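First up is the structure itself, then whatever we jot down about it.
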Amino acid sequence: MPEAISPPHSWLVVALNFSAEPREIDLPAGMILLSTIAAGRAGSTKSTLRLAPNEAVIVEIG
């Protein structure tokens, strides 16, 4: 009998800031995979993530 494959224990969070002001959100620690700001932000993040005005990010949690 084949061994069961367990699903990965990670999630993707898409955070969107539609305002013209910076915003902070609380998330578990994770990795920023993609950001819409020109300078790029790939790398690890702590529990509070600060989003620039009109920024979107994709964060892998877990």
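The values are calculated or read from the model by the stated rules, or taken from the named source; none is laboratory data. The shown structure was predicted, so the numbers you read here are calculated from the model rather than taken from an experiment. Cβ atoms come from the backbone with ideal geometry, glycine included; neighbour counts cover every protein chain shown. With ligands, DNA and RNA removed, areas are computed over all heavy atoms of the protein, side chains included. Shrake-Rupley method; radii C 1.70, N 1.55, O 1.52, S 1.80 Å.
Considering segment 1-31, and only residues there that are open to solvent by 100 Å² or more (accessible area, probe 1.4 Å) and in a loop (DSSP other than H, G, I, E, B), the residue that is modelled with the lowest pLDDT turns out to be MET1. How about segment 12-28: which of its residues are within 14 Å of SER47 (Cα to Cα) and among the small types (Gly, Ala, Ser)? ALA15 - this is the single residue of segment 12-28 that is within 14 Å of SER47 (Cα to Cα) and among the small types (Gly, Ala, Ser). Under 8 Å by Cβ, and 6 or more places apart or on different chains, what pairs join a residue from segment 32-45 that is part of a loop (DSSP other than H, G, I, E, B) with one that is modelled with pLDDT of 80 or more and not hydrophobic (A, V, I, L, M, F, W, C)? Pairs found: THR36/ASN54; THR36/GLU55; ILE37/GLU55; ARG41/SER35; ALA42/SER35. Checking each residue in segment 46-62 for being in a loop (DSSP other than H, G, I, E, B) and touching an Asp or Glu at 6+ places or on another chain (Cβ under 7 Å) picks out SER47, PRO53.
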